[in-house]
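The structure appears right after this line, and notes come after that.
The values are calculated or read from the model by the stated rules, or taken from the named source; none is laboratory data. Note that this is a predicted model, so its numbers are computed, not measured. Methodologically, a virtual Cβ is constructed for each residue, glycine included, from the backbone with ideal geometry; neighbour enumeration extends over all protein chains shown. Side chains included, ligands, DNA and RNA excluded: accessible areas come from the protein's heavy atoms. Shrake-Rupley method; radii C 1.70, N 1.55, O 1.52, S 1.80 Å.
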Amino acid sequence: MEETYAVEMLNITKRFPGIIANDNITLQLKRGEIHALLGENGAGKSTLMSVLFGLYRPEEGTIRMNGKEVSIKNPNDANALGIGMVHQHFKLVECFTVLDNIIMGVEPCKHGFLQKAEARKKVVALSEKYGLMVDPDAYVRDITVGMQQRTEILKMLYRDNEILIFDEPTAVLTPQEIGELMEIMRNLAAEGKSILFISHKLNEIMAVANRCSVLRKGKYIGTVNIADTSREELSHMMVGRDVQFEVTKKPVEPGKVILQVENMTVASKLHQNKAVKNVSFQVRAGEIVCIAGIDGNGQTELVYGLTGLEPLESGRILLEEQDITRTSIRRRSAMGISHIPEDRQKHGLVLDFSLEDNLVLQRYFEPQFTGKGGFLKRRNIREYANHLIEQYDVRSGQGPVTAARSMSGGNQQKAIVAREIDKDPELLVAVQPTRGLDVGAIEYIHRQIVAERDAGKAVLLVSLELDEVMSVPDRILVMCEGEIVGEFDPKKTNVQELGLYMAGAKRGAEQA
Ligand SMILES: Nc1ncnc2c1ncn2[C@@H]1O[C@H](COP(=O)(O)OP(=O)(O)O)[C@@H](O)[C@H]1O
Ligand SMILES: [Mg+2]
């Protein structure tokens, strides 16, 4: 007998200017399953989910639910059919409470009066049933990203959605929150909800999904049962070739000190106390030093201080023995610091500029890009941009003239990495350089970072990903509550030990 699926997307084609984002894709979702959707950046995952959620109308294809064709022209149609979506970037009102966000648009009313007590009861019951603890009266602006995500999930459940779409939900979470989200998804599926789960992370998919469909460059590659597959098979399907998970590198040969940080203290914008407290360390030529820690322990402010985005309260920064403590951002860049920033949309790109203009952002004034009269040499910029786009495989609809805003997050990231590494810096400060990237791109970026180190550059890597912390650097410094609490050789430590230091349960004596 033929199985009736909860949702079937059949032969979906969706085009954008210059690109077929979904090329004849078929996806079948069983009731009560967790179905992963895997693919590189720009593979077309978000587009396909946006078609299901009624944000895009496909040029071709049909959608069936429980065997019957349905028409989904907008998110209201989707909602009426029981389809809900948690977007990659949340869509909450920051100055509303959790409860108000959840009931927004479907406020229960009787005789024209809002029945908030009833709404609250339902929300509390739902959060208990699925293990989604969150304070309904807290303001969204005051709660963590993990809690905001729970609010989004409760929004779907409050609307009695049966089909739940999660677009890269783990990209913004800490390892602990990821574990909790997986548990929540399992609970939801056990209650009969059908889940579409987008992720790049093979470990997560292997841990939580029942089946996985793979897209590559807008095309459907196949669907496999998780029980019958492996990380290797999935990554091969995703990238179209074998991927090496291990980072291979030569033994470290540190040279002279490139970066010297002495007693750095940086104030916190968010809190009363100091974000970075009296921190000292060095990075030498030819080594990769990693600052590891749980998000929010001063790593951001440490990098702001280093790159000039925030002044130091006290302490000194020396770059190749020159004091740059009060040097401007542009001057630091010219002196040889490259920065792959944590917030790529805020500090990495000018979203309204084209890709090519973004690629010369800190060097458009160099003679190769600006002529004597002060005019930009557009042809040289175009040539240079094309070279980087090809070398770093930056995918976009219209190449160098694509608006940065319209590019997928992963490709925005690749563009920044290309620009910062190609500047040939003495010191590369890379903050979460592979966040949100797929295995193929991660492998590539890790190789570039190791190549910089092998070329005698100093690399300061700031990472929240334990896999990255263990595999890429030559030295690990753990940061906790604004201080460096331990220094480790990645070959002589393990994730458990690092975790204890990150959580503040242990402190080391062997500080740098
Ligand atoms: N609104 C849009 N306008 C133009 N191009 C888009 C738009 N949304 C996505 N694209 C392009 O479609 C392709 C697929 O994007 P997307 O579905 O976001 O990929 P994924 O979610 O798998 O990373 C990408 O090349 C992206 O640049
Ligand atoms: Mg996406």
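Taking each residue of the stretch 197-222 that is over 18 Å from V243 (Cα atoms) and looking for partners that are surrounded by fewer than 23 Cβ atoms within 10 Å (Cβ to Cβ) and of a type in the set (K, R) with beta-carbon atoms closer than 9 Å, six or more apart or interchain, yields V208/R186; N210/K30; R211/K30; G218/K14. Looking at L196, L181, can you tell me which residue is within 16 Å of ligand 2 (Cβ to nearest atom) and open to solvent by less than 10 Å² (accessible area, probe 1.4 Å)? Criteria check complete, one pass: L196.
Checking the stated criteria, G179 turns out not to satisfy the condition of being in contact with an Asp or Glu (Cβ under 7 Å, 6 or more places away or on another chain), on the phi < 0 side of the Ramachandran plot and not in a loop (DSSP other than H, G, I, E, B). Please go through the stretch 438-449 and pick out each residue that is of a type outside the set (F, W, Y) and either over 19 Å from R475 (Cα atoms) or open to solvent by 10 Å² or more (accessible area, probe 1.4 Å) (or both). Those that are of a type outside the set (F, W, Y) and either over 19 Å from R475 (Cα atoms) or open to solvent by 10 Å² or more (accessible area, probe 1.4 Å) (or both): D438, V439, G440, A441, I442, E443, H446, R447, Q448. Scanning the stretch 188-230 for residues that are assigned to a helix (DSSP H, G or I) and not aliphatic (A, V, I, L, M) yields a count of 3.
A residue that is out of contact with any helix residue (DSSP H, G or I) (no Cβ under 6 Å at 6 or more places or on another chain), open to solvent by 10 Å² or more (accessible area, probe 1.4 Å) and within 16 Å of ligand 2 (Cβ to nearest atom) can be found somewhere in the stretch 156-170. Screening the candidates N101, N79 for the property of being in a helix (DSSP H, G or I), within 19 Å of F166 (Cα to Cα), away from ligand 2 (no atom under 14 Å from the Cβ) and in contact (Cβ under 8 Å) with a residue 60 or more places away in the chain yields one hit, N79.
Candidates in the stretch 378-429 are the residues that are in a loop (DSSP other than H, G, I, E, B), of a type outside the set (D, E, K, R) and within 30 Å of P254 (Cβ to Cβ); of these, the one that is farthest from the chain's Cα centre (by Cα) is P425. Taken together, the residues in the stretch 157-178 that are under 15 Å from K201 (Cα atoms) and within 16 Å of ligand 1 (Cβ to nearest atom) amount to 7. When the stretch 262-303 is filtered for residues that are among the hydroxyl-bearing types (S, T, Y) and surrounded by fewer than 21 Cβ atoms within 10 Å (Cβ to Cβ), the ones remaining, listed by number, are T265, S268, S280. Output yes when any residue across the stretch 78-85 is under 26 Å from A190 (Cβ atoms), small (G, A, S) and open to solvent by 30 Å² or more (accessible area, probe 1.4 Å), and no when none is. For the stretch 78-85, residues under 26 Å from A190 (Cβ atoms), small (G, A, S) and open to solvent by 30 Å² or more (accessible area, probe 1.4 Å): present.
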